[in-house]
Amino acid sequence: MRVQVAIIGAGPSGLILGQLLHKAGIEAIILEAHTPDYVLGRIRAGVLEQVAVDLLDEAGVGARMHAEGLAHNGIELLIGGTRHRIDLHGLTGGKQVMVYGQTELTRDLMDARKAAGLATVYEAKEVAVADFDTDHPRVSYLKDGLRHEVQCDVIAGCDGFHGVCRASVPKTAITNFERVYPFGWLGLLSDTPPVAEELIYATHERGFALCSMRSRTRSRYYLQCALTEKVEEWSDDRFWDELRRRLDPQAAADLVTGKSLEKSIAPLRSFVAEPMRFGRLFLAGDAAHIVPPTGAKGLNLAASDVRYLARAFIEFFGGSTAGIDHYSARCLRRIWKAERFSWWMTNLLHRFPDTNPFEQRALEAELDYVIASHAGRTTLAENYVGLPFED
Ligand code: RFL
Ligand code: PHB
C-alpha cells in the first residue's frame, strides 16, 4: 500500500493531524497499537487553550466541544487556607480556557474520522519505521498475524512517550533533556458536581491538590502522592478524607463525594527530545516531550505541534520544504516555554521531600509575590491560557 503520510498513534496528536490533512486533501493512514476502547479509557487532560480550541474548529470537530465544554475565565490558587482568584480573562485581554475532557475530544475525532471513511488500523502490532533517512520511508506492522507494509512520503511519529518512533532514531542523532519529580499524582474521577465553579490549585503542607472537572456533574480530583504509594491502598473514603484536609474550610464543606469511576497514579516528568525531525520522520506530541500536568500543557502542546506539522506537510506536498525545514525549531521554541511554565508551577505548588526551610520560605515568598503583584498574576495568566503562535 502507498499513502502520502503514515501517522503512528491514534492519540490526540495523530487524530488531529489526520483530520487537518484530510481537510487539505492529503492522504494518510493511522496505525494504532491498541483498540479504540483502550484509547478512550485513558483519563487524561481536561483543559484546552484557546489556540487548541481554534485548531479543533479548523479541523471541523469543535461542535460538541462548544456545546458541552465549559469556558472558564479564571482559576483559583489555594494558599495557606485562602483562595486567590487569577482572573485569566481580565489579565490576558479576554482569553479563556475550555474545560473539555481528552476522552470526549478523542471520541469526536474518532467519529469524524470514521464518518469520512479514513483509513485507521487499530491493534497494529510490532509497528516498525524504516528508511526515513531516504526519500522513500516505509512502515510495517503486524495485523491478525500478517505483516503489512506501507510506503509513504513522510512519517508522523505521534505515538506517545513510550512509542516506537523516537526509539528508532539513532542515539547519536538525538539529545534528551529530562527532569523526574520525586512524587506522582493520584487522580480520581467521580459523577459528583465539582466543588467550585473554577479549578482550584491547592498548595498545602501535606502536598498539592487539584480540584478539576469534566462537566457540571462529573469531577476530577488529584492529590500529590509519594511514588511508593499503591492505588489499591487508596479507598475512595481515604481519598476524600485526604482531599478535604488539603482544602479550605468552605471547599471542604462544599465537597460532594461519591463512588470513584476511575483512580490511577501518574508519575510526573519533564522531558524534551531534540530535534523533532529526522529526515522524513517527524515527532509530535508526547513522542517528543512530556510536561508535568500542573500547567495543563501536554495536550495543548500536542495540538500546537500538529498545527505546525500539518502546515509543513501541506507546503511540502505543494512543492516547498520550508515548513518541514523549520518544523523542529518552530515547535521547540513554544515547547520550551511551556516546559518552563509547567516546571515552575510544579516547583511552586508541590512539597518536595528534600526542600530545606530556607527554600520553603523563599517559595512561599514567591507565591505571595505572584498573587499580590499584577505583573505576577499576568505572567501566570498569560502562560496558562497559552502563548501565541509566532508565525
Ligand atoms: P498519546 O495520547 O500518548 O497517544 C499516543 C498513541 O500512540 C499509540 N502508540 C502506538 N501505536 C502504534 N505503534 C506503537 N508502537 C505505539 N506506541 C504507542 C498509543 O497507544 C496512543 O494511542 O500521545 P499524544 O497523541 O501526543 O497526546 C498527548 C496527550 O495525551 C498528553 O500530553 C496529555 O494527556 C497530558 N495531560 C494534560 N494535557 C493538557 O493539555 N491539559 C491537561 O489538563 C492535562 N492533564 C495530562 C493531564 C496527562 C496525564 N497523564 C496521565 C499522563 C493529566 C494526567 C493525569
Ligand atoms: C484535569 O482536569 O485532568 C486537569 C486539569 C488541570 C491540570 C491538570 C489536569 O493542570
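Some observations on this one:
- Residue within the range 330-341 that is part of a helix (DSSP H, G or I), open to solvent by 10 Å² or more (accessible area, probe 1.4 Å) and either in contact with a His (Cβ under 6 Å, 6 or more places away or on another chain) or free of Cβ contacts under 8 Å to residues at least 24 places away in the same chain (or both) present: yes
- For the range 28-59, filtering for residues that are open to solvent by 50 Å² or more (accessible area, probe 1.4 Å) and touching a Leu at 6+ places or on another chain (Cβ under 9 Å) leaves 2.
- So ARG238, is it surrounded by fewer than 17 Cβ atoms within 10 Å (Cβ to Cβ) and either of a type in the set (Phe, Trp, Tyr) or within 16 Å of ligand 2 (Cβ to nearest atom) (or both): no
- The set of residues in the range 271-302 that are under 15 Å from GLY11 (Cβ atoms), open to solvent by less than 10 Å² (accessible area, probe 1.4 Å) and of a type in the set (A, V, I, L, M, F, W, C) comprises LEU283, ALA284, ALA287, ALA288, LEU301, ALA302.
- The strands (runs of 3 or more DSSP E) found wholly in the range 3-73 and carrying at least 3 residues that are within 17 Å of the chain's Cα centre (by Cα) and either more than 20 Å from HIS89 (Cβ to Cβ) or touching a residue at least 60 places away in the same chain (Cβ under 8 Å) (or both) occupy 47-49.
- Scanning the range 111-132 for residues that are surrounded by 19 or more Cβ atoms within 10 Å (Cβ to Cβ), under 25 Å from the mean Cα position of the chain (by Cα) and within 13 Å of VAL150 (Cβ to Cβ) gives THR120, ALA124, VAL127, VAL129.
- In the range 108-131, the residues that are assigned to a helix (DSSP H, G or I) and within 13 Å of ligand 1 (Cβ to nearest atom): LEU109, MET110
- All of ILE75, ILE79 fail the test of being away from ligand 1 (no atom under 14 Å from the Cβ), at negative phi and touching a strand residue (DSSP E or B) at 6+ places or on another chain (Cβ under 8 Å), apart from ILE79.
- If the condition is being of a type outside the set (A, V, I, L, M, F, W, C), part of a strand (DSSP E or B) and farther than 15 Å from GLY160 by Cα, then the range 275-293 contributes only ARG277.
- Strands (runs of 3 or more DSSP E) (entirely within the range 149-225) containing at least 3 residues that are of a type outside the set (Phe, Trp, Tyr) and within 16 Å of ligand 2 (Cβ to nearest atom): 175-190, 200-203, 209-213, 219-225
- Residues that are at pLDDT 95 or above and more than 29 Å from the chain's Cα centre (by Cα) were ranked within the range 144-162; the one that is nearest to GLU27 (Cα to Cα) is GLN151.
- Taken over the range 79-95, the residue count meeting the criterion of being open to solvent by less than 60 Å² (accessible area, probe 1.4 Å), in contact with a helix residue (DSSP H, G or I) (Cβ under 6 Å, 6 or more places away or on another chain) and part of a loop (DSSP other than H, G, I, E, B) is 1.
The values are calculated or read from the model by the stated rules, or taken from the named source; none is laboratory data. Just so it is clear, the structure is predicted and the values come from calculations on it, not from any experiment. Here Cβ is always computed from backbone atoms with ideal geometry, including for glycine, and neighbour counts include all displayed protein chains. Side chains included, ligands, DNA and RNA excluded: accessible areas come from the protein's heavy atoms. Shrake-Rupley method; radii C 1.70, N 1.55, O 1.52, S 1.80 Å.
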